[in-house]
4 protein chains.
Amino acid sequence: MADEVIKQRKLEHINVALAQSIAVAQPANWSDIHFVHQALPEVNLDEIDTRVTFFGQTLRYPLLISSMTGGHPDVISINRNLARAAEEYGIAMGVGSQRAAIINPAVSYSYAVVRECAPNAFLIANIGAPQLIEQAQHPAFSMQQVQDAIKMIEANALAVHMNSLQEAAQPEGDRRAVGEVEALKRLTQQIDRPVIAKETGAGICQEQAMLLRACGVAAIDVGGAGGSSMSAVEAARSELHGDKKTLEIGKLYSDWGIPTPIAIVEAQAAHLPLIATGGVRSGLDVARALALGANLVGMAFPFLRAASESYERVCEVLENTIREMKVAMQLSGAANIAQLHTADVVV
Amino acid sequence: MADEVIKQRKLEHINVALAQSIAVAQPANWSDIHFVHQALPEVNLDEIDTRVTFFGQTLRYPLLISSMTGGHPDVISINRNLARAAEEYGIAMGVGSQRAAIINPAVSYSYAVVRECAPNAFLIANIGAPQLIEQAQHPAFSMQQVQDAIKMIEANALAVHMNSLQEAAQPEGDRRAVGEVEALKRLTQQIDRPVIAKETGAGICQEQAMLLRACGVAAIDVGGAGGSSMSAVEAARSELHGDKKTLEIGKLYSDWGIPTPIAIVEAQAAHLPLIATGGVRSGLDVARALALGANLVGMAFPFLRAASESYERVCEVLENTIREMKVAMQLSGAANIAQLHTADVVV
Amino acid sequence: MADEVIKQRKLEHINVALAQSIAVAQPANWSDIHFVHQALPEVNLDEIDTRVTFFGQTLRYPLLISSMTGGHPDVISINRNLARAAEEYGIAMGVGSQRAAIINPAVSYSYAVVRECAPNAFLIANIGAPQLIEQAQHPAFSMQQVQDAIKMIEANALAVHMNSLQEAAQPEGDRRAVGEVEALKRLTQQIDRPVIAKETGAGICQEQAMLLRACGVAAIDVGGAGGSSMSAVEAARSELHGDKKTLEIGKLYSDWGIPTPIAIVEAQAAHLPLIATGGVRSGLDVARALALGANLVGMAFPFLRAASESYERVCEVLENTIREMKVAMQLSGAANIAQLHTADVVV
Amino acid sequence: MADEVIKQRKLEHINVALAQSIAVAQPANWSDIHFVHQALPEVNLDEIDTRVTFFGQTLRYPLLISSMTGGHPDVISINRNLARAAEEYGIAMGVGSQRAAIINPAVSYSYAVVRECAPNAFLIANIGAPQLIEQAQHPAFSMQQVQDAIKMIEANALAVHMNSLQEAAQPEGDRRAVGEVEALKRLTQQIDRPVIAKETGAGICQEQAMLLRACGVAAIDVGGAGGSSMSAVEAARSELHGDKKTLEIGKLYSDWGIPTPIAIVEAQAAHLPLIATGGVRSGLDVARALALGANLVGMAFPFLRAASESYERVCEVLENTIREMKVAMQLSGAANIAQLHTADVVV
Ligand SMILES: Cc1cc2nc3c(=O)[nH]c(=O)nc-3n(C[C@H](O)[C@H](O)[C@H](O)COP(=O)(O)O)c2cc1C
Ligand SMILES: Cc1cc2nc3c(=O)[nH]c(=O)nc-3n(C[C@H](O)[C@H](O)[C@H](O)COP(=O)(O)O)c2cc1C
Ligand SMILES: Cc1cc2nc3c(=O)[nH]c(=O)nc-3n(C[C@H](O)[C@H](O)[C@H](O)COP(=O)(O)O)c2cc1C
Ligand SMILES: Cc1cc2nc3c(=O)[nH]c(=O)nc-3n(C[C@H](O)[C@H](O)[C@H](O)COP(=O)(O)O)c2cc1C
């Protein structure tokens, strides 16, 4: 039964995200961050070098298709469209939480399709921190189950998503968090892939970045507030199911959290590779995130909307994003990503 | 006659509050106060300890149903619904100003019903500071009358409300204030219950907090601006009665006062237990008030609206508030109220 | 001819002011100034002492009916209504620019009526600084003419208004200003009444306050921006007359100048008695101006509107203003104007 | 073919500018800059001295008709109307990019008409920095071609416009920028006229001002953001041509850049004569730019709109601008431009 519930939930997440307004404006946001224009930039637009190295692998662009889906036959085409584009553009991609397939191997292909379509891309497996510990309704995942998730997509890295807010806003959510720190420490010691600690919309502060470093994670995805809100997604689901209690939580907390730009700056304290996800909506935003200190920039919703249409739409989103990012780089005098990291920005 | 006037006024207050918009937005308000999200909170949502001790009694939640009503047969059911909920949830409750019953013992039961329905709750009696001194139209209350008020509900504490603004906006208001300080000093020396000095919507600044401490009060309810405005309530009454003079005062002064969040911070100078009332509208606001330094958090209007419908609605408000408060506690890493007091907040 | 033009202009000023929107909101305004509420004020509302002494005369309230009109038979009733109220309430009153009567004695009575109706009030004569020097179209006023103006209303003081902006926005305006400083110095030496330097909507900065003091003026009316704008008045007149050139100036410059609250603070550098005029619209604003440092507070437009209706309406405006001012005084703990000067305000 | 394309583009620029909204509001803008009013200004409005000296030539007003057009027979009348006014009022004028005529001498007269109509005015030739280097589709201009451009209008100075943003937003835009610095250095050494480095809407920061000085330029036109946006112009053109790629760039980047007031302050670091262009819309804005440190103030769009109607409309714009500027000068106590440079402004 539980596996069917999770499978169903996965589909609802996608449908809700596509049908409703799940983005929440934040007081501090991307448009507050201004580059200092360089009138004589000494950079040729068509010769900008956008490559980055991420855990030993060279990506053609500092871009990540953030963890979103899998777990239901209906989402296979979405993951296929995303993966083909990741392969084509030489960027990174994450899959959605693999809990559905860990519990119900019948849906594994909805994840595995990603590696099938993207044999060379940097792929990131995905499990939830709340599932690393024993919960009221289910035991903790075993180390073997985590390994299986990685193997399912021959992942280059594993993202452990932290989503206490989402769980609290879910009628059936996991409500325990004690022990996650210890479980994460064990995980990073026993898994032979880099572990990325990933927030899902509420951001990372300086103290938590230091804590995650102490847990041995290899990178942090700050997953800040200002873009898709999992709390808003759950509120929409609660509305659907007529669950007033979690509906209230989902709505009240939909603007909770640390805005992504601030989270990038805070998380730098840990001196780990940083991924910036949350509310990135153009190549200009990508450039802003990189200038603030991110190493890779993720987008979820814009890719989801495109992938639900076609592979070509995903490529179009990528083309636009890359073109826009390059203009920001030229005008701020950055011929490559390393120079962009040191570009002047004014808040 | 005076007793009938007061009795009638009590009913009008309730009716106006239920029918009109009496809340006034303030420049500094609850939504400006942000918790710092803890991605790995190490707190289990269902095991959060929300208990507090208030003057030796343990409350299950740091919540107070603020002083509102009594003095008219029609409000008995409201006080009954509130009191039953206070008993059920183990929280504190205040009654409205007992002046009506002190002058006209016939309406005593509208207050006494509260103790009848809440034999174990922490109950707070209520009289006005302006009635502690001689006014143009009536003498000061005697110490015996104050004792009677306490006895009327077998109160655990006595709140002395300070409401000069409301009196100024009332056609029949008490316009003297000289001598209140001395009267309050005498009162705290002679009454064998803790005396709580309570503002009613205009807040407490640092200097006044120190003055109240010098008067010997045992706690302060900062009663700040930003929620129900007694000035707006009186403006609505003046409109009803066609009294243009006080109508203008009521309207002009409806945003007068120190916003509740600021008042909490200011009043801390006195190092007394603090109650935060004024504009608290969710469990998230409750958590914010506690993080800023309050020991107990009061709500008036949300409980009034619910109690005018049914006991069940009051319970629902409480359930929502508690659920919302716990989410804020978990996500800011506070397993109990003491830890919430030290949680990081950003303004 | 010139006298007819001026006479006509005087009437237009009044008609425009009554018919059009001539008030201009400013970035810094009265509502940004907050008193610190005193929960236990120790002040009796009905015993507040609102008296002030101004150049040796005791006024019952720190209020001034600002210089507005005279110069046309049609405005006699306005000045009569204002003067009766000034006498009744024991406050100060100014008349409008007396240039019209200096040039054309036939209209003197429209000013003299003020002293007739207010035998005991503190009255302020009014001439313009630009008329103290030779202009393209007319010579400077002689000292005798200024004396005549004072005598016309048996004035207690003389206001010299500074209105370069208004002149620039007037088709027929006086465009010279060189020599006004010297002329003002001469005037203050030769006139046996206190001379008040009065801006008319653009305010006084610190440097100009010091300059005015060096000119020997006895008091400053800061006449700041934020209330009636003479520039807007002239724009409306230019529209009427189809003069596009000055219309543009009038519109472009209608928010020029130093807001009244800021001007009060700036002008204090001169250590002279200060009058605050410009945008004062309630007794709460009056109290704010006094708390910021003004000694007398003037209003023009609210009195004009009332006086164009009846004497009773003027009294009503005064009653409201006084009542509102007293509430602010009580709630900020000021039993008299001296205490109000030291009340805490937060900007 | 290329020459026809450029010729056509020139006409489109003008038509788009006249038909569409191409101005973009900026966070920091002119209306945030306030003069400190001087109540006794000691300046006669009609005797204000507005003359300035610019590269040895005396201009009657510190005004510049900014570089805009040429290159198509249809724009000859526009340039004629502008030039006649420049001559009449003794101000400076620039022509639009002369690239069209350099490539296609047949359209030279559309530029040369300017000197024909303005034999004594200070005229500024105009070429683009991107054309100083080799681009994918065309070689760099030779020194001879640049000399020809100057000779074409017997220019007093040469403006080299920097417009990387515009090029990036143009389907057919020049996408290289490497080498512009060296090319500019060579140019300033070999040309016998003062070279003005001119941004076209994205502004100059302190570092770039220093770099331009090192390149040997004689003056800087800060061309800041806040007025006409070449990015918005190109977006409108892309819309016309159905080019979605550059349309997105044009729209996304239409508010990119340093606002003009900030650019003036930043560029002062270079201690060179400064021209302020970008969003100046009244004589009050002109005065603000001068007070902030500009030596000459340019307007483009307001003159374009007027010149597309008639010579008389251009004169009217100039008359209004001058009148408005003088009022600001009088009221801030500045009898000439040197005094205006030292006037107090508050931001
Ligand atoms: C429909 C949907 C499903 C998601 N599922 C997951 C998930 O399973 N695991 C995860 O780590 N993040 C998940 N996320 C969060 C995204 O990875 C990302 O952090 C978030 O959407 C913010 O990015 P955006 O504003 O670009 O959408 C999901 C987001 C959406 C919209
Ligand atoms: C209808 C009504 C009646 C009230 N009566 C009293 C009272 O008698 N005594 C008192 O101390 N406060 C009284 N209050 C003030 C409340 O206790 C509380 O301080 C105020 O309403 C702000 O809280 P809120 O914004 O949650 O409503 C009353 C408030 C309302 C709305
Ligand atoms: C119709 C009208 C006429 C005025 N005439 C004069 C005048 O003759 N002399 C003067 O010093 N001020 C004059 N003033 C300015 C006022 O005294 C006052 O400074 C200004 O109106 C701002 O105050 P308010 O906002 O309360 O109207 C006039 C104002 C108005 C509205
Ligand atoms: C239609 C149009 C054409 C322009 N062409 C040129 C040009 O060829 N060379 C140049 O240096 N600037 C050019 N500009 C930029 C202007 O000189 C000026 O920097 C810009 O428009 C900002 O000023 P404004 O806000 O007053 O319009 C052009 C502007 C417009 C509106």
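Taken together, the values in this text are just the output of simple stated rules run on the coordinates, not laboratory data. Note that the coordinates shown come from a computational prediction; the quantities given were computed from them, not determined experimentally. Note that we place each Cβ from the backbone using ideal geometry, even for glycine, and neighbour counts take in every protein chain shown.
Quick notes on this one:
- For region C:278-299 versus region D:178-214, the inter-centroid distance based on Cα atoms is 55 Å.
- Relative contact order (%) - criterion: Cα under 8 Å, at least six apart; region: chain C: 22 percent
- Per-q log10 I(q)/I(0), region B:1-125, q = 0.19, 0.22 Å⁻¹ (Debye; single scatterer per alpha-carbon; no solvent): -1.06, -1.18
- With label points set 7 Å from Cα along Cα→Cβ, the inter-copy distances at B:LYS185 are 5.8, 5.8, 8.2 nm, sorted shortest first.
- A simple charge model with +1 on the Cβ of Lys and Arg, -1 on the Cβ of Asp and Glu and nothing else charged puts the dipole of chain B at about 380 debye relative to its Cα centre.
- Inter-chain shielding of A:241-249 (mean C-beta neighbours from other protein chains, 10 Å cut-off): 2
- Inter-chain Cβ neighbour average for residues B:201-210, partner chain, 10 Å: 3
- Modelled FRET efficiency - R0 60 Å, C:GLU154 with D:ASP49, Cβ distances, 0.05 increments: 0.85
- Here the relative contact order of region D:116-271, from alpha carbon pairs under 8 Å that lie six or more residues apart, stands at 22 percent.
- Largest GNM mean-square fluctuation across B:PRO105, B:PRO261, B:PRO62, computed for chain B with C-alpha springs under 10 Å, falls on B:PRO105.
- Net dipole in debye of region B:1-131 [+1 Lys, Arg Cβ; -1 Asp, Glu Cβ; about Cα centre; nearest 20]: 480 debye
- Nearest 10 degrees, 0 to 90: helix B:143-152 Cα axis against chain B principal axis: 50 degrees
- Nm distances between copies for C:GLU88, ranked from closest, using label points 7 Å along Cα→Cβ: 6.0, 6.0, 8.4
- Peptide D:173-179, shielding by other chains (average Cβ, 10 Å cutoff): 6
- Subset of B:LYS7/B:LYS245; B:LYS7/B:LYS244; C:LYS7/D:LYS326; C:LYS244/D:LYS326; C:LYS198/C:LYS245; B:LYS7/B:LYS251 violating a 20 Å alpha-carbon distance limit: B:LYS7/B:LYS245; B:LYS7/B:LYS244; C:LYS7/D:LYS326; C:LYS198/C:LYS245; B:LYS7/B:LYS251
- Counting 0.36 nm for each residue step from A:GLU88 to A:VAL5 and taking away their Cα separation leaves a gain of 26.4 nm.
- For the protein assembly as shown, the share of DSSP beta bridges that are antiparallel, to the nearest 5, is 20%.
- Most mobile of B:PRO273, B:PRO41, B:PRO194 in a GNM of chain B (Cα contacts under 10 Å): B:PRO41
- Per residue, the average separation of C-alpha pairs within less than 8 Å and at least 6 apart gives region A:140-231 a relative contact order of 30 percent.
- Of B:ALA112, B:ALA136, B:ALA289, the one that fluctuates the most in a GNM where chain B has Cα springs shorter than 10 Å: B:ALA136
- Look at the dipole of region D:2-346 built from charges on Cβ: of D:VAL36, D:SER228, D:GLY179, the Cα furthest out on the positive end belongs to D:GLY179.
- For B:ASP74, inter-copy label distances in nm, listed shortest first [label point 7 Å out on the Cα-Cβ vector]: 5.3, 5.3, 7.6
- Region A:2-346 - share of DSSP beta bridges that are antiparallel (%, nearest 5): 20 percent
- Acute angle (nearest 10 degrees) that the helix C:76-89 long axis makes with the longest principal axis of chain C, alpha-carbon atoms: 30 degrees
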